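Reading through the structure tokens given below for one structure.
The values are calculated or read from the model by the stated rules, or taken from the named source; none is laboratory data. Remember, predicted model here, so these are calculated numbers, not experimental data. Heads up, the Cβs are rebuilt from the backbone with ideal geometry, glycines too, and the neighbour counts pull from every protein chain shown.
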Amino acid sequence: MRARPTLISIALATLLGGTAIASCGGAQKVSDSSSTSAAAASNTSAGDTVPSTPKPTKPTVSIPASVPTTLKVTDLTVGTGPQAEDGSTVVLHYVGVLSSDGTEFDNNYDGDPMGVVLGSGGVIPGWEKGLIGVQAGTRRQLDIPNDLAYGNTSRGDVIKAGDALTFVVDVLAVAPPVSTEQEPFTSVAASASPADQVASVDLVDGNGAEWVNGQHGLANILVFRADTGALIQSTYKAGAQDLVLGELLPGLNEGLQGMKVGGRRQITMPYASAYGDQGNDRLGLPAKTDVVMVIDLVAVY
């Protein structure tokens, strides 16, 4: 089972010129479907600091002595920072094996991390329950009975009806839940004249790790029309956005340089550095329209 985008929306990340967190089939509910909503991120407020964590190496999984009949949660390494709760976004790598004999059916250590919005129903119940309390840097083993996995349904070529599953996950970042009511503002000052260059200002200074080119960042984003100041997109709804600095819109790549975790930055981009002459219909942005974005950087990894 290979990775496919879901859980954290791919749409806004794609519109920003970036990537999206991809989830892998091994942890998905049988019934869930890919989300394509352009508004999909929730994270901590700009003042909270989530530590940066290096990409982990794929672990060797020790299967339980007997096939689990209840959920067992074991922390192999304890992390730091905010603890995950319902509504939190958890970004992780994982490997999954059959609890009975250790046969591996999936892992994503050789690819992009996976994003899980706890409580959204996007993953199996054993993950929904078993990831509560994790922190960035945690390595956790989940021994999951079949009724909290796929029950009496087969999944792919390896997972058969009634199989219990064991996962080891490495948590890269945790973004506590927020809601649209916690958006920092819903409009910006309208600009009567077009911008002639990218301009950025820190509304909140970050005190965590600096975001460097090529590195993933977990961010909450507000998008405004510069000409009217109107909010046209917000990610304060269903899960945080995974962005790779250096692979975004040119204006974002420029304006985000030097930003640190915990910071909130406002970036004004001439249309040529954003969506160009054509604008962006999916965002409701007319042709040749400048853009203002406000970014809260939650974590880098």
Output for the range 262-301, where each listed residue is touching an Asp or Glu at 6+ places or on another chain (Cβ under 8 Å), closer than 27 Å to P113 by Cα and either assigned to a loop (DSSP other than H, G, I, E, B) or without any contact (Cβ under 8 Å) to a residue 12 or more places away in the chain (or both): G262, G263, A274
Search result, residues across the range 114-137 that are within 22 Å of G102 (Cα to Cα), assigned to a loop (DSSP other than H, G, I, E, B) and in contact (Cβ under 8 Å) with a residue 60 or more places away in the chain: I124
message: Between a residue in the range 65-89 that is over 30 Å from N220 (Cβ atoms) and any residue that is part of a strand (DSSP E or B) and of a type in the set (S, T, Y), which pairs come within a Cβ distance under 8 Å, given they are 6 or more apart or on different chains?
response: P68/T166
Index of the failed condition, F185 passing every other in (1) closer than 22 Å to S234 by Cα; (2) surrounded by 14 or more Cβ atoms within 10 Å (Cβ to Cβ): (2)
Residue within the range 92-110 that is of a type in the set (S, T, Y), within 15 Å of the chain's Cα centre (by Cα) and at pLDDT 95 or above present: yes
- prompt: Can you name the residue in the range 275-301 that is within 23 Å of F185 (Cβ to Cβ) and polar (S, T, N, Q) and, of all such residues, is nearest to the chain's Cα centre (by Cα)?
  reply: N280
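To keep it simple, each residue is scored yes or no on (1) of a type in the set (F, W, Y); (2) in contact with a Gly (Cβ under 7 Å, 6 or more places away or on another chain); (3) at pLDDT below 90; (4) within 29 Å of K55 (Cα to Cα).
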position: G208; (1), (2), (3), (4): no, yes, no, yes
position: N213; (1), (2), (3), (4): no, yes, no, yes
position: A219; (1), (2), (3), (4): no, no, no, yes
position: A226; (1), (2), (3), (4): no, no, no, no
position: A230; (1), (2), (3), (4): no, no, no, no
position: Q233; (1), (2), (3), (4): no, no, no, no
position: A238; (1), (2), (3), (4): no, no, yes, yes
position: Q241; (1), (2), (3), (4): no, no, yes, yes
- request: Among what's in the range 193-223 and is touching a Ser or Thr at 6+ places or on another chain (Cβ under 7 Å) and closer than 14 Å to M293 by Cα, pick the residue that is surrounded by the fewest Cβ atoms within 10 Å (Cβ to Cβ).
  value: A199
